[in-house]
Amino acid sequence: MGLMLSAYFSAIMSTADSCLLAASGNFVTDILGLKQENPKAIKISQIVTFFIGFSAILIATFMTSVLDLMLLSYSFMVSGLLVPVLAMLFSKKPKPLAAFIAMFVGGFSTLTLSFLEISIPLGFDPILIGVFASLLVYLIVKK
């Protein structure tokens with residue numbers, strides 16, 4: 001039993017560690033635009049890693065099950081990424097700033113509606129509101 005638990009927690013820690021490092025690395029290089037040669041990049045990467053990890057711990061303390069957490073993360077991901085990915089694939093002149101803001105608004109509107117447990121008309125899921133918010137923001141910022 002102890003060997004099985006250690007294997008289980010080992011897999012969880014390996015996945016969590018990889019996701020945390022990938023998230024902070026993507027934020028520092030893709031959003032902030034820092035290169036590895038920059039002497040401040042490591043310090044900023046450490047700070048970003050701390051804040052992302054702390055945010056993940058806060059979110060995990062409010063979740064009651066792993067399934068709920070996974071469903072919330074997938075709805076965050078879909079509502080934040082669906083419109084920008086489709087826009088980048090099919091648009092003749094994609095707008096990166098509009099895509100970034102649409103990702104932010106779509107994902108966080110879904111999270112906000114989910115955490116506040118706001119009732120949505122006709123029983124729709126918060127992800128639908130997030131996708132529409134993302135689309136609306138993309139179209140407004142694109143112009």
Expected output for region 59-85 (first residue under 15 Å from Asp125 (Cβ atoms), partner of a type in the set (Val, Ile, Thr) and assigned to a helix (DSSP H, G or I), Cβ below 7 Å, 6+ apart or cross-chain) is Ser75/Thr110; Ser75/Ile127; Phe76/Thr110; Val78/Ile127; Ser79/Thr110; Ser79/Ile127; Ser79/Val131; Leu82/Val131
Exception for Gln36 within (1) outside any helix (DSSP H, G or I); (2) open to solvent by less than 90 Å² (accessible area, probe 1.4 Å) falls at (2)
Expected output for region 1-27 (first residue within 25 Å of Ile47 (Cα to Cα), partner not hydrophobic (A, V, I, L, M, F, W, C), Cβ below 6 Å, 6+ apart or cross-chain) is Leu20/Gly53; Ser24/Ser45; Ser24/Thr49
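Does Ser45 satisfy being loosely packed, with under 10 Cβ neighbours inside 10 Å and either on the phi < 0 side of the Ramachandran plot or at pLDDT below 80 (or both)?
Details: loosely packed, with under 10 Cβ neighbours inside 10 Å: no; either on the phi < 0 side of the Ramachandran plot or at pLDDT below 80 (or both): yes.
Taking the combined requirement at face value, the residue does not satisfy it.
For (1) touching an Asp or Glu at 6+ places or on another chain (Cβ under 8 Å); (2) at pLDDT below 90; (3) open to solvent by 60 Å² or more (accessible area, probe 1.4 Å), each residue gets a yes or a no:
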{"position": "Asp68", "(1), (2), (3)": "no, yes, yes"}
{"position": "Val83", "(1), (2), (3)": "no, no, no"}
{"position": "Leu86", "(1), (2), (3)": "no, no, yes"}
{"position": "Lys92", "(1), (2), (3)": "no, yes, yes"}
{"position": "Pro96", "(1), (2), (3)": "no, yes, yes"}
{"position": "Ile101", "(1), (2), (3)": "no, no, no"}
_Among the residues of region 62-76, are any part of a helix (DSSP H, G or I), in contact with a Leu (Cβ under 6 Å, 6 or more places away or on another chain) and not polar (S, T, N, Q)?_
yes
Has region 50-63 got any residue that is under 29 Å from Thr15 (Cβ atoms), modelled with pLDDT of 85 or more and touching a helix residue (DSSP H, G or I) at 6+ places or on another chain (Cβ under 8 Å)? yes
Pairing a residue in region 110-128 that is loosely packed, with under 15 Cβ neighbours inside 10 Å with any residue that is outside any helix (DSSP H, G or I) and β-branched (Val, Ile, Thr), where Cβ atoms lie under 9 Å and the two sit 6 or more apart in sequence or on different chains, gives Thr112/Ile118
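The values are calculated or read from the model by the stated rules, or taken from the named source; none is laboratory data. Note that the structure is predicted; figures quoted are calculated from it, not measured. A quick note on method: Cβ atoms are made from the backbone with ideal geometry, for glycine too, and the neighbour counts reach across all protein chains shown. When the accessible area is computed, the model is the full protein with side chains, heavy atoms only, and any ligands, DNA or RNA have been set aside. Shrake-Rupley method; radii C 1.70, N 1.55, O 1.52, S 1.80 Å.
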